[in-house]
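K.L.:
Before I ask anything, let me first share the structure, which is written out below as structure tokens.
The values are calculated or read from the model by the stated rules, or taken from the named source; none is laboratory data. Since the structure is predicted, the reported quantities are computational estimates derived from the model, not experimental observations. In this analysis, Cβ positions are derived from the backbone assuming ideal geometry, glycine residues included, and neighbour counts consider all displayed protein chains. To get the accessible areas, we keep the full protein, side chains included, count just its heavy atoms, and leave off ligands, DNA and RNA. Shrake-Rupley method; radii C 1.70, N 1.55, O 1.52, S 1.80 Å.
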Amino acid sequence: MSGIRSTGFLHLGNYFGAIRNYVRMQDEYECYFMVADVHSLTTHPDTKELKPNVHRVLAENVACGLDPEKVALYCQSHLYETGELYMYLNMLAYKGELEKTTTFKDKARQHPENVNAGLLTYPVLQAADILLHRATLVPVGKDQEQHLEMSRNFANRFNHRYGDVFPEPYAFNFGEQLIKVPSLDGKGKMSKSENQYATIYLSDEDDMIRKKIMKAKTDAGPTEPGTPMPDYIENIFLLMKLVSSNEVLDKFLDDYNRAVIRYGDMKKQLAEDMVVFVRPIREKAEAIRNDQKYLRDIMEAGAEKARKRAAETMEKVREAIGLKYY
Ligand code: AMP
């Protein structure tokens, strides 16, 4: 089980941190993937943006290879059971631990005028999304590790107090380390809302991709063999590893190690490989976004599948808590 907020354009971080794993999981596992539209309400978006944003996330997921026939691909707000589980879990979540969450502290610092209770209990809602399906594997990027730990804590607390209902959920990336896709300016990670010129979006046109990559931070290059690699150069290599062939990556690594690398050439190569990677996704997503009926069918079928599992879980939850009076 996993989800992506409908707060803007999906980017390479979403792809390599999350969606790539969704696609790899769909043949082997029972999967629930959602557009986290309720989570997006914590930051009070313009309500006119909700529909196009939800459609965009759905279309981009499918364009990346997610098959709505194989998985439950649904919209968070269509599952009313989530709200009920969130309410019960809130009784087991403590103010102190919620206030200590890194994402809460960051958001509260960025928007001191909007520190609402939904923002504070964001990890509880996320736990409800996951536990509702009694999910064990949660494909996410590295930034979500702390939230997953909180989901495990809430699950264990529930089981301890009311009896075993939930398995422990873990962040999952096929045995590999969780990924953080860095931004092109050498500061932080690619993101939907910050660093827009240092983030490659799955909807970026070819020339925009080239422009962004050619502007990525570099320097004059190593002066002698064996010079340690600065973070921002390591980031460019990491992006190359994600979209270029092994031969191309090895060539530039070798150039670096021999201190003969030309970053201009490296960025040109990376830009072309990136264009080849993003273009088919962009074109496919565009076509799907224009097919409103198909999007509606996906959402309806996805919610139906997800509701089935959610209803089973909520029966167990109410029973365990003792909310059965006749
Ligand atoms: P969000 O965009 O915050 O809703 O995140 C959706 C998914 O994308 C989550 O699984 C995140 O961990 C993942 N994600 C977002 N940004 C990055 C990034 N820069 N690197 C790796 N994963 C990311």
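K.L.:
Given the criterion loosely packed, with under 14 Cβ neighbours inside 10 Å, within 15 Å of the ligand (Cβ to nearest atom) and not hydroxyl-bearing (Ser, Thr, Tyr), identify the matching residue among GLU205, GLU194.
P.N.:
Details: GLU205 fails: within 15 Å of the ligand (Cβ to nearest atom).
Only one candidate passes the filter, namely GLU194.
K.L.:
Pairs, please: C-beta under 7 Å, at least 6 apart or cross-chain, first residue more than 27 Å from TYR232 (Cα to Cα) and in region 163-181, second of a type in the set (Gly, Ala, Ser) and within 14 Å of the ligand (Cβ to nearest atom)?
P.N.:
Correct list of pairs: PRO169/ALA135; PRO169/SER151.
K.L.:
Another question, then. When ARG309 is evaluated against the numbered criteria (1) surrounded by 19 or more Cβ atoms within 10 Å (Cβ to Cβ); (2) of a type in the set (D, E, K, R); (3) not assigned by TED's automatic domain parsing to the domain that holds LEU50, which criterion, by number, is the only one it fails?
P.N.:
Unmet condition: (3).
K.L.:
Across region 272-306, what is the total count of residues that are among the acidic types (Asp, Glu) and crowded, with 17+ Cβ neighbours inside 10 Å?
P.N.:
Count: 2.
K.L.:
Still on this model: Of everything in region 100-154 that's assigned to a loop (DSSP other than H, G, I, E, B) and closer than 18 Å to GLU84 by Cβ, which residue is farthest from the ligand (Cβ to nearest atom)?
P.N.:
Step by step, filter region 100-154, then rank; the result is ARG134.
K.L.:
To continue, here is another question. Out of all the residues in region 156-174, which are open to solvent by 40 Å² or more (accessible area, probe 1.4 Å) and touching a helix residue (DSSP H, G or I) at 6+ places or on another chain (Cβ under 7 Å)?
P.N.:
If the condition is that a residue be open to solvent by 40 Å² or more (accessible area, probe 1.4 Å) and touching a helix residue (DSSP H, G or I) at 6+ places or on another chain (Cβ under 7 Å), then TYR162, GLU168, TYR170, PHE174 are the ones that fit.
Residue by residue, here is whether (1) buried (at least 20 other Cβ atoms within 10 Å of the Cβ); (2) over 25 Å from LEU12 (Cα atoms) holds:
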{"site": "HIS111", "(1), (2)": "no, yes"}
{"site": "PHE154", "(1), (2)": "yes, yes"}
{"site": "GLU176", "(1), (2)": "no, no"}
{"site": "LEU184", "(1), (2)": "yes, no"}
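K.L.:
THR136: open to solvent by less than 10 Å² (accessible area, probe 1.4 Å), of a type outside the set (D, E, K, R) and modelled with pLDDT of 95 or more, yes or no?
P.N.:
When the stated conditions are applied, THR136 does not pass them.
K.L.:
So, ARG282, is that one within 20 Å of the chain's Cα centre (by Cα), among the charged types (D, E, K, R) and either assigned to a helix (DSSP H, G or I) or more than 15 Å from ILE209 (Cα to Cα) (or both) or not?
P.N.:
When the stated conditions are applied, ARG282 passes them.
K.L.:
Additional query: Select from region 1-37 the residues that are within 13 Å of the ligand (Cβ to nearest atom), hydrophobic (A, V, I, L, M, F, W, C), touching a Cys at 6+ places or on another chain (Cβ under 9 Å) and open to solvent by 10 Å² or more (accessible area, probe 1.4 Å) and list them in ascending order.
P.N.:
MET1, MET34
K.L.:
Does GLY188 satisfy the criteria of being in the same structural domain as TYR22 (by TED's automatic domain parsing), open to solvent by 30 Å² or more (accessible area, probe 1.4 Å) and closer than 29 Å to ALA59 by Cα?
P.N.:
Considered against the rule, which asks whether it is in the same structural domain as TYR22 (by TED's automatic domain parsing), open to solvent by 30 Å² or more (accessible area, probe 1.4 Å) and closer than 29 Å to ALA59 by Cα, GLY188 comes out as no.
K.L.:
Can you spot a residue in region 63-80 that is more than 16 Å from the ligand (Cβ to nearest atom), over 21 Å from ARG318 (Cα atoms), in contact with a Ser or Thr (Cβ under 8 Å, 6 or more places away or on another chain) and not in a loop (DSSP other than H, G, I, E, B)?
P.N.:
The answer is no, given that none of the residues of region 63-80 is more than 16 Å from the ligand (Cβ to nearest atom), over 21 Å from ARG318 (Cα atoms), in contact with a Ser or Thr (Cβ under 8 Å, 6 or more places away or on another chain) and not in a loop (DSSP other than H, G, I, E, B).
K.L.:
Assuming TYR29 fulfils every condition listed in (1) in contact (Cβ under 8 Å) with a residue 60 or more places away in the chain; (2) in contact with a helix residue (DSSP H, G or I) (Cβ under 8 Å, 6 or more places away or on another chain); (3) outside any helix (DSSP H, G or I) apart from one, which condition is it?
P.N.:
It fails just one condition, (2).
K.L.:
Identify all residues within region 78-97 that are buried (at least 20 other Cβ atoms within 10 Å of the Cβ) and within 21 Å of the chain's Cα centre (by Cα); write none if there are none.
P.N.:
Across region 78-97, the qualifying residues are LEU79, THR82, TYR86.
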